Structures are given as C-alpha cells and as structure tokens.
Amino acid sequence: MPRLFEQLHDAYASGEISRAFSLVKYELRSSPSDGRAWEWLGVVQYSRGRHAVAVSALERASLLVPLQTASRICLALGYGKVGRRELSRQLLFDFVGDESVPIRLLLQVASGLDAIDRPDQAMEACRAACRCDPDFAQTYYDLAYYAARCGNSPRIIESLIRRAIAFDVDNVCYRVGLATLFVRQDRIASAHQVIASFSSAEISRIGCRRCLERMAEIFWWFNDEERAAICHCHSRRLASEQSSQDCH
C-alpha cells in the first residue's frame with residue numbers, strides 16, 4: 001500500500017475524517033484517474049454524511065477498479081440514503097448469503113436493510129452473522145432489536161438480549177436495553193434489578209447518553225436520587241463535549 005494510502009487508512013480508522021478527506025483530495029488532484037482514491041473518497045464522503053457525493057464517487061471508482069467489499073456495502077447503503085431503496089435492498093441482501101463477508105459488515109448490511117424498512121431481511125443478515133460466529137454478542141442484541149421491529153414476542157426479544165449479555169457481561173448498553181424492555185412491559189422492579197449493581201464510578205465511564213437517560217429515569221422511580229443525578233450530569237457532560245467537538 002503506498003504511503004499516502006497508509007496515512008489515509010490510519011486517519012479514517014482513527015476517526016480523523018477531516019484529515020482523511022484532505023488526504024484523498026490531495027491524491028485526486030495529482031492522480032484524477034486513481035480508482036482507489038475515488039473509492040476512498042466515496043467512503044469518506046459517506047462518513048461525512050455527503051451521501052449523494054459518496055454514491056457518485058463510488059460509482060466512478062467502480063468503473064476504474066473492482067470495489068472492495070466494504071465499499072460495495074457503502075455504495076448499497078448510499079443508494080438507500082438517496083432514495084433508491086429497492087436497488088439498495090437488492091444489493092444489500094446479496095451479501096447475506098456471502099460467507100466471505102465479515103460479521104461487522106453483515107451487521108452494517110442489517111442496519112441498512114432496517115433503515116429502508118426491511119427489518120425482516122435485517123434479521124436474516126443477523127442470522128447469517130450468527131452462523132459465522134455463534135458467540136458474537138452484538139449479533140444477538142441487534143437481532144433482538146429487529147425482532148422487536150418485526151413484532152416478535154417480548155419473550156423472544158428478552159431471550160436474545162440475555163444471550164448478548166451472556167457473551168459480553170460488561171456491556172452496559174445491553175443491560176440497559178434489557179431494562180428498557182422491562183420498562184415497556186411495566187416490569188419496573190425487574191428493570192431496576194438489571195441496573196441496580198452499577199456503581200457511581202461505572203456510571204461515570206458510560207459513553208452512551210441514551211443509556212444514561214434511561215438509567216436516570218429508572219433510578220428516579222426507585223428514589224435513588226444520587227445515581228439518577230450522576231446519570232444526568234454525565235449525560236450533560238457528554239453532550240457538552242460533543243457540542244465542543246462539532247464546533248471545531
């Protein structure tokens with residue numbers, strides 16, 4: 001891999017999207033027919049929320065080089081974002097039967113199918129991911145979400161979330177997800193039991209604002225004002241940090 005593409009890969013992998021964008025623009029100025037650069041431009045633009053531009057760049061790249069699997073999925077997701085939903089669905093579902101697609105990409109496929117209102121096919125993508133690695137926790141949690149979207153019974157959804165927790169006991173979001181399910185079933189005591197073991201220090205390490213707000217509500221219901229306040233304060237701090245980052 002040429003040095004510039006190594007830098008581009010490292011910048012993108014570390015979340016430095018603006019730097020990745022600058023690098024790929026530099027490459028295209030000097031080599032406007034570089035298919036890999038156009039491919040990278042499409043992926044980076046998708047990450048920037050420039051979906052129509054991303055689709056255009058990836059289509060151009062596909063005329064110059066064979067696209068990588070991740071880029072093909074990105075293109076399919078892009079079609080969904082720009083309103084070409086049936087094309088997006090067809091392309092995404094083609095990956096479900098491809099055993100060479102890594103789990104993390106299959107979960108992206110599932111998310112894309114759900115985004116175009118096909119949670120049933122998103123479930124199929126998750127099941128394919130389960131076949132690849134039956135012990136991967138995120139697959140079961142995502143499957144629970146799509147199962148709920150498809151109207152499956154709370155018993156099935158709870159079973160899937162519990163399986164995710166069993167494979168990743170330290171994942172706070174999974175436990176909060178289970179607590180949220182119980183809240184929706186008016187099983188408030190069960191919801192509190194799921195999160196009751198969280199210490200103040202553990203709460204302060206949670207990086208999901210939605211999880212924190214849901215936890216705060218449950219703690220308030222059980223008059224646990226101290227931990228509810230910690231959840232609220234930490235959530236506001238995360239929001240402030242995000243706002244500060246957006247300004248740069």
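Summed over the residues of region 39-107 and divided among them, the accessible surface reaches 50 Å² per residue at a probe radius of 1.4 Å. The trypsin sites (Lys or Arg not before Pro) of region 30-136 meeting both criteria, a DSSP state outside H, G, I, E and B (loop) and at most 16 other C-beta atoms within 10 angstrom of the site's C-beta, are R48, R84. Dimensions of region 131-177 based on its C-alpha atoms, expressed as ranges along the principal axes with the largest first, amount to 27, 26, 13 Å. Largest first, the extents of the alpha carbon coordinates of region 22-69 on the three principal axes equal 25, 23, 15 Å. Which of rounded, prolate, oblate describes region 1-136, given a ≥ b ≥ c as roots of the alpha-carbon gyration tensor eigenvalues and a/c under 1.5 marking rounded, otherwise prolate only if a/b is larger than b/c? Prolate, since a/c reaches 1.5 and a/b exceeds b/c. Per residue, how much accessible area does region 109-190 have with a 1.4 Å probe, in Å²? Computed with neighbouring chains in place, this is 48 Å² per residue. For region 24-153, the share of accessible area belonging to carbon and sulfur comes to 48 percent (1.4 Å probe, ligands and nucleic acids excluded).
For region 120-208, the spread of Cα positions along the three principal axes, ordered from largest to smallest, is 39, 27, 19 Å. Relative to the current alpha-carbon distance between E213 and D117, full extension at 0.36 nm per residue lengthens the span by 31.9 nm. May I ask for the net charge around V172, where only other residues with Cβ less than 9 Å from the Cβ of V172 are counted and Lys, Arg are +1 while Asp, Glu are -1? For residues surrounding V172, the net value is 0. FRET efficiency for the Q185 to E86 pair, using the beta carbon distance and R₀ = 35 Å, is estimated at 0.45.
What is the diffusion coefficient of the chain in µm²/s, taking the Kirkwood radius over Cα pairs and the Stokes-Einstein relation at 4 °C with a viscosity of 1.567 mPa s? Each step should come with its number before you reach the end.
Values: Rh = 20.2 Å.
For these conditions, the coefficient is 64 µm²/s.
The values are calculated or read from the model by the stated rules, or taken from the named source; none is laboratory data. Computed from a predicted structure; not experimentally measured. A quick note on method: Cβ atoms are made from the backbone with ideal geometry, for glycine too, and the neighbour counts reach across all protein chains shown. Remember, those area values only see protein heavy atoms, side chains included, never the ligands or the DNA or RNA. Shrake-Rupley method; radii C 1.70, N 1.55, O 1.52, S 1.80 Å.
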